[in-house]
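I have placed the structure first, in the form of C-alpha cells, so that the comments after it can refer back to it.
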Amino acid sequence: MGSKRHPMGELIREDRMPHIFCSGCGIGATISNIAEALTEIKKEIDLDKVAVVSGIGCSGRAAGYFKLDGFHTTHGRPIAFATGLKLGNPDLKVIVFSGDGDLSTIGGNHLIHAARRNMDLTVICINNFNYGMTGGQMGGTTPTRTWTTTSVYGNYETPFNLPLLLYACGANYVARWTSAHAHYIKKSFLEVLNKEGFCFIEVISACPINWGRRNKLRTGKDMVKFFLEHTVIQENPDPKDALIQMDSPILCGVFVNQDKPGYLRAMKEVLSPKLGIEEFRGDGKAKLPETEARAELKIPKPKQIEEVKIKMGGIGGQGIALLGLIMGRAASIFDGNEAVYTQEYGAEARGGASASSVIISSEKIDFPYIKSPDVMVIMAQGAFRKYRKEIRSGSTLFIDKDLVRPYDLPEGVNIYAVPATRIAEEVGRKLVANIVMLGFISALTDLFSLKAVQSALKMSVPKGTEEFNLKAFNAGYEYGQKVKRGEIA
Amino acid sequence: MRTKRRLLNLDKLTKPKGKVVFIPERCKECGLCIEYCPTQILEYSTEFNEKGYHYPIIKPGKEDECVGCGFCQEVCPDFAIYVELIEPKLQSNDAKE
C-alpha cells in the first residue's frame, strides 16, 4: 500500500484488511459509516475513551476491526459486559456493536433489562434476518414468509419488532436504518454519542450470501436496491408499525428520542445525597468521603503473620458469622494482611449449626477452605460434636466454658475457656457473647493488633451499638488477660 | 438531469474535482461503487486481485471526471476505495468577495 492512506485508517485496523465479511455484506458498510462519523469528530472527543464491545457472530468481528479499545465477549453477553465497563469507568463511551441473533435472541434478556434501566450505552444492532456465520439459520428476527436453511418452506413465525420492544422497555433513543442508509446511520450515531441513556440503532443489514441468496436477492447490489426501494423513512414513525413484513415496506426512522435520566444520573440523584459520594465509579478514582474507619486505613507497615487457619463453630444466632467477619476485617483492612472468609450454615435463621472460617496470612492465600484448623473456636456443644474430628494436636481451642464440655480430644491441644455467654449477660445482653469471645481471643493470641480488631468491630456492628459492643469486647479482653497471667485457670 | 432554468452565476462556479484511489487487494467485487457513482466513471477491471475478484477501475478517458462526491467511499463495505479532493467543493466567486 505504502503511500495509500485510507481516510479511515486512523480508526480501522488496516493491517487486518481485507476483512472476513462477504462480498456486499452490510456490516462492512456500517463499520465504515461509524468510523467515518468518528473520524469527523475525532478532534472533539478523546478516542482513547471510546470502547467497542461485540458478541459472537459475523458482526462480533467488528470490535476487532476498530482501532479502539474493544472486547469480543461470549455469545449474547456484550450488553452485560458493556454495562460493567460503563459502571466501572463512566468516562468511557461504550458502543455495543453486535448482531440481531446475539443481542435480541440469545442475549434478549440483557437487551430488555439494559433498556429498562436506561443504561448509558450506544447499541448498534446489525439485523441481517438470520444467523449468518453459522450458515443462515432462521432466528428471532427472520421475517415471516422468507426462506432460510432451517425454514425451507418459508418461515411461519412472527419476528421481533425490535423498535417496539425497545420502546416498551423504555430506551432513550430507538432508530432503524438499513445498511444502504449510510448518511442516516452516521447522523444517528453522532446524535446518540453524547446522549445519556440507552440508545439503540437497528441497522437492517444486507446478507446476500446467506439470507439474500435464498430470497432472490443474490448480490449486495440487489440487496441495497431492495433496501432503497422497500423502505419508507418517516418522521416520528410509530414503533407499532415497525414489524418487518415482506409484503409491506420496511419502516425506518427515529422511533424514540427522549431525555429520560440515564442509569448513572438516576443513580447519582438518589444515592449521592444519601451517601455523600459525588461520583460512582469502579476504577478507584472516585472521591470518597473521609470516614473514621477509612482514616484508620492507612497502615504504615503490615503486621507480619504466618498463615493461620481459624474455624469457628456454634449455633445460628450466636454471631459466629459476624465473629469471623470481624476477624477477617481486622486482619485484612486494618492490619494490612490477607484474609479469606467463608461460612457455612443451615437453612434455619436461628438454632441450626453454623460455622465460619477465616484464614489470615501475610502472603497471598491460595485456597479458601480449611481441612485442619490451627485455631478452633467452639461456642456450642452441637458444634463441638460436629467439628471435634477436625481438632488436631498442637492446635488451640477456644470454648465457651458453660456451653461446651469437651471430650475425646487428642493430646497437646491448648484449651482456653471463657464463660462468654455469662459475661455477655453481665454486660447487658446475651447477644454479644461472640464479641466477648473476640476480646478473649484477642487477649490470648497475637493474630491481630488490638487497635485493628477494635476498629473492625466498630465497622461491623450496627450503628449506635459500638460503645456497647466495645464494652463487651473489653470484658472478654480483661478476662483473657487474667487467664494469661494465670489468675484464672 | 436537464432543467430549463439556469443558475445565474453558473459560469462563476467551479466544478469540484476529485481523485479516486483504489486499494485493489481489499476489493470483493460487490459492485456498489460502480452502481452508485453519479458520474458513472467506474467499471470492473479485467485483471483479478489476489482473491480472484475484479476490482473497479476508472473507465478509460474519464480520468478527470470525478467530482469528489465520496459516494463510492461511503458505500464501499471493504475500505477499498476512497476519494481525494483535488479542488475544493462547489465554490462561487461571489462568496469570496
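The values are calculated or read from the model by the stated rules, or taken from the named source; none is laboratory data. On a predicted model such as this, the values are computed, not experimentally measured, just so you know. Every residue, glycine among them, receives a Cβ derived from its backbone with ideal geometry; neighbour counts consider all protein chains shown. Remember, those area values only see protein heavy atoms, side chains included, never the ligands or the DNA or RNA. Shrake-Rupley method; radii C 1.70, N 1.55, O 1.52, S 1.80 Å.
Values for this structure:
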quantity	calculated
Search result, residues across the range A:11-27 that are more than 8 Å from chain B (Cβ to nearest Cβ) and closer than 17 Å to A:Lys186 by Cα	A:Leu11
Qualifying positions in the range A:466-489 - more than 18 Å from A:Met327 (Cα to Cα) and without any contact (Cβ under 8 Å) to a residue 60 or more places away in the chain	A:Glu467, A:Phe468, A:Glu478, A:Gln481, A:Lys482, A:Lys484, A:Arg485, A:Gly486, A:Glu487, A:Ile488, A:Ala489
Unique match (being in the same structural domain as A:Asp120 (by TED's automatic domain parsing) and surrounded by fewer than 24 Cβ atoms within 10 Å (Cβ to Cβ)) among A:Ala168, A:Ala175	A:Ala168
Verdict on A:Glu390 being free of Cβ contacts under 8 Å to residues at least 24 places away in the same chain and open to solvent by 10 Å² or more (accessible area, probe 1.4 Å)	no
A:Ile45, sole failed condition from (1) surrounded by fewer than 23 Cβ atoms within 10 Å (Cβ to Cβ); (2) within 7 Å of chain B (Cβ to nearest Cβ)	(2)
Residue selected from the range B:1-28 under the condition within 14 Å of another protein chain (Cβ to nearest Cβ) and open to solvent by 60 Å² or more (accessible area, probe 1.4 Å), by the criterion nearest to B:Tyr82 (Cα to Cα)	B:Lys19
Test set (1) within 14 Å of another protein chain (Cβ to nearest Cβ); (2) buried (at least 16 other Cβ atoms within 10 Å of the Cβ); (3) touching a Lys or Arg at 6+ places or on another chain (Cβ under 7 Å) - A:Met8 fails condition number	(3)
Any pair with Cβ under 9 angstrom, 6 or more apart, that starts in the range B:8-20 at a residue that is in contact (Cβ under 8 Å) with a residue 60 or more places away in the chain and ends at one that is of a type in the set (Ser, Thr, Tyr)	B:Asn9/B:Ser92; B:Lys12/B:Ser92; B:Leu13/B:Ser92; B:Thr14/B:Ser92; B:Val20/B:Tyr82
Per-region count, the range A:469-489, residues part of a helix (DSSP H, G or I) and either more than 13 Å from A:Glu426 (Cβ to Cβ) or basic (Lys, Arg) (or both)	11
Residues of the range A:171-216 classified as among the aliphatic types (A, V, I, L, M), away from every other protein chain (no Cβ under 13 Å) and in a loop (DSSP other than H, G, I, E, B), total	1
Selected residue (criterion: surrounded by the fewest Cβ atoms within 10 Å (Cβ to Cβ)) from residues of the range A:401-425 that are closer than 15 Å to A:Phe384 by Cα and among the hydroxyl-bearing types (Ser, Thr, Tyr)	A:Tyr407
Per-region count, the range A:217-244, residues in a loop (DSSP other than H, G, I, E, B) and either open to solvent by less than 80 Å² (accessible area, probe 1.4 Å) or outside the structural domain of A:Phe200 (by TED's automatic domain parsing) (or both)	8
Residues being in contact (Cβ under 8 Å) with a residue 40 or more places away in the chain and buried (at least 20 other Cβ atoms within 10 Å of the Cβ) - total across the range B:74-86	8
A:Met133 in contact (Cβ under 8 Å) with a residue 40 or more places away in the chain, of a type in the set (A, V, I, L, M), assigned to a loop (DSSP other than H, G, I, E, B) and open to solvent by 20 Å² or more (accessible area, probe 1.4 Å)	yes
Failed condition for A:Ile34, given (1) more than 26 Å from A:Ile106 (Cα to Cα); (2) in contact (Cβ under 8 Å) with a residue 60 or more places away in the chain	(1)
The range A:28-42 - residue that is part of a helix (DSSP H, G or I) and either among the charged types (D, E, K, R) or at the interface with another protein chain (Cβ under 7 Å from one of its Cβ atoms) (or both) and, of those, most open to solvent (accessible area, probe 1.4 Å)	A:Glu40
Test: residue in the range B:30-45 that is polar (S, T, N, Q), within 24 Å of A:Cys22 (Cβ to Cβ) and either part of a helix (DSSP H, G or I) or at pLDDT below 90 (or both)	no
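Yes or no, residue by residue, for (1) part of a strand (DSSP E or B); (2) among the polar types (S, T, N, Q):
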{"site": "A:Gly76", "(1), (2)": "no, no"}
{"site": "A:Lys86", "(1), (2)": "no, no"}
{"site": "A:Ile95", "(1), (2)": "yes, no"}
{"site": "A:Ser98", "(1), (2)": "yes, yes"}
{"site": "A:Leu103", "(1), (2)": "no, no"}
{"site": "A:Asn109", "(1), (2)": "no, yes"}
{"site": "A:Ala114", "(1), (2)": "no, no"}
{"site": "A:Asn118", "(1), (2)": "no, yes"}
